[in-house]
Amino acid sequence: MNRKKVAILISGRGSNMATLIDAAKAPDYPAEIVGVLSNRAAAPGLAVAADHGIATASLAQSKFLTREMFEDTMTQVLESWETDYICLAGFMRILGADFVNHWQGRMVNIHPSLLPAYRGLDTHERALADGATEHGCTVHFVTPGLDEGPAILQARVPVLAEDNVETLAARVLVEEHRIYPEALRMLAAGEVRF
């Protein structure tokens, strides 16, 4: 099998990254994780990736004069890993249009809401404040508009009367860990395309 090479972009602990790494250990999984890049050198997920023998890199945007220079350097690192696809897993930077367009159709994200509802941050707080009866997560293609790309998979969870931000976020995270590896499998196997 010709496995697709996948790089993961993180900013923190990388719990979704870890589920993708675990999924890719299966011999029949159509993707392999070849690198993990973070915009924060102290991101705990980098150590997790290194423990699995996966290449890691960190680049701080503050070290570059412009966002374009930062993103050009990111692309150089990703291309050095011969990356076919990029998975964003808690990468807390808005990416510029040039970078997004360069990777168009080859970059996906997991977002903690049922898009198009609750684009951006604080999704659980906003769902609770609105009295939403259901919430969830979406794996989608990345486009220049924030959380606007076409959805690949979604998972729904009920919002319970006793929910707070932490309990709702925990239930959504379980679903994120379930659908992200499946969405990447579909993408790498050619079952879905932009």
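Rounded to two decimals, the Cα-based Rg/Rh of the chain, with Kirkwood Rh, is 0.96. With R₀ set to 30 Å, the beta-carbon distance separating ARG156 from THR75 gives a calculated FRET efficiency near 0.30. Volume of the convex hull of the stretch 75-125 (Cα atoms only), normalised per residue: 93 Å³.
With 10 Å bins beginning at zero, the pair-distance distribution over Cα atoms of the stretch 19-93 amounts to 18, 51, 26, 5, 0 %.
Here the gap between GLU134 and LYS63, fully extended at 0.36 nm per residue and compared with their Cα-Cα distance, gives a gain of 21.4 nm.
The label-point distance for LYS25 and ASP122, in a model that sets each label 7 Å from Cα toward Cβ, rounds to 3.9 nm. Per residue, the stretch 1-160 exposes an accessible area of 46 Å² to a 1.4 Å probe, with every protein chain left in place. Shown here for the stretch 66-150: GluC sites (Glu not before Pro) in loop regions (DSSP other than H, G, I, E, B) with at most 14 other Cβ atoms within 10 Å, namely GLU82, GLU148. Charging the Cβ of each Asp and Glu at -1 and of each Lys and Arg at +1, and nothing else, the dipole of the chain about its Cα centre rounds to 320 debye. Sequence-ordered 3J(HN,Hα) estimates for the stretch 132-149 from the Karplus curve with 6.51, -1.76 and 1.60 and θ = phi - 60° stand at 4, 8, 9, 8, x, 8, 9, 9, 9, 5, 8, 10, x, x, 4, 6, 9, x Hz, glycine and proline given as x. Residue-wise HN-Hα couplings along the stretch 20-35, as the Karplus relation 6.51 cos²θ - 1.76 cosθ + 1.60 with θ = phi - 60° gives them from phi, are 5, 4, 4, 4, 6, 6, 5, x, 9, 7, x, 9, 10, 8, 9, x Hz; Gly and Pro carry x. Once the chain from ALA55 to ALA42 is taken as fully extended at 0.36 nm per residue, the excess over their C-alpha distance is 3.1 nm. Could you tell me what percent of the accessible area of the stretch 63-129 is made up of carbon and sulfur, with a 1.4 Å probe and every protein chain present? Carbon and sulfur atoms account for 52 percent of the accessible area of the stretch 63-129.
The values are calculated or read from the model by the stated rules, or taken from the named source; none is laboratory data. Since this is a predicted model, take the numbers as computed values, not measurements. Glycine gets a Cβ as well: all are built from the backbone with ideal geometry, and neighbour counts include every protein chain shown. Just so you know, the surface numbers come from the protein's heavy atoms only, side chains and all, with ligands and any DNA or RNA stripped out. Shrake-Rupley method; radii C 1.70, N 1.55, O 1.52, S 1.80 Å.
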